[in-house]
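I have placed the structure first, in the form of structure tokens, so that the comments after it can refer back to it.
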């Protein structure tokens, strides 16, 4: 009797990640990971993203040891300083003023954990984004229209935020939105779940 495919769980309540994972046409469920996202003292943005992606996947996997669990995290990196989700309009204005005419690396990490086989790996997909020089009027107009207050770095590249940008450099095109699908597929295959297998 063939062994059943393990269930797949996305350890995130982000609608952006959910919509991206749906592209793989795999059945999955969603569960909030309840992970403390406070940076450790001196922790660099890339290390923070990797640690949190793995922690989120492990937190949910602890409740579902036979499932394959995907965790992901994104931290905007402005010259080594982590820039998180603004949460409100005023913080978003401050973030975009600081990122105006700057290069920002969006450190996007994905982790896959499968406790029943001992598999646990995380990969980083950095995306270098060059912002245009932005006026206060442009920043405020953008924020009123797009309201990206739940996005690291206060901009949605998949929406009107693309108007703020001059250049995007990435080898995994969905990474900037929040889930690097090519790296996700690589880890799923390693964990025993090939999206193209019958």
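Taken together, the values in this text are just the output of simple stated rules run on the coordinates, not laboratory data. All values reported here derive from a predicted model rather than from experimental measurement. Ideal geometry is used to build each Cβ from the backbone, glycine not excepted, and the neighbour counts take in all protein chains shown.
Compare 114, 23, 132 in a GNM of the chain, Cα atoms joined below 10 Å, and give the one with the largest fluctuation. Among 114, 23, 132, the largest GNM mean-square fluctuation belongs to 23.
Here the contact order of segment 8-191, divided by its residue count and restricted to Cα pairs under 8 Å and six or more residues apart, works out to 23 percent.
For segment 8-191, the share of DSSP beta bridges that are antiparallel, to the nearest 5, is 85%. Counting neighbouring beta carbons within 10 Å and listing from fewest to most, the residues 4, 99 come out as 4, 99. According to the Cα-based calculation, Rg over Rh for the chain is 1.00, with Rh computed by the Kirkwood formula.
When the chain is treated as a GNM with alpha-carbon contacts under 10 Å, the residue of 129, 112, 162 showing the greatest mean-square fluctuation is 162.
Per-residue ellipticity at 222 nm, computed for the chain from helices alone with -39500 (n - 2.57) per DSSP H run of at least four residues, works out to -9000 deg cm²/dmol.
Classify segment 55-141 from the C-alpha gyration tensor, please: rounded if a/c falls under 1.5, else prolate or oblate depending on whether a/b exceeds b/c. Prolate, because a/c is 1.5 or more and a/b exceeds b/c.
Hull volume per residue, based on the alpha-carbon atoms of segment 90-198 and their convex hull, is 114 Å³. Neighbour counts of C-beta atoms inside 10 Å place 29, 184, 130 in the sequence 29, 130, 184, starting with the fewest. The C-alpha atoms of the chain define a longest principal axis, and helix 136-146 lies at about 30 degrees to it. From the largest down, segment 92-154 spans 54, 22, 14 angstrom on the principal axes of its Cα atoms.
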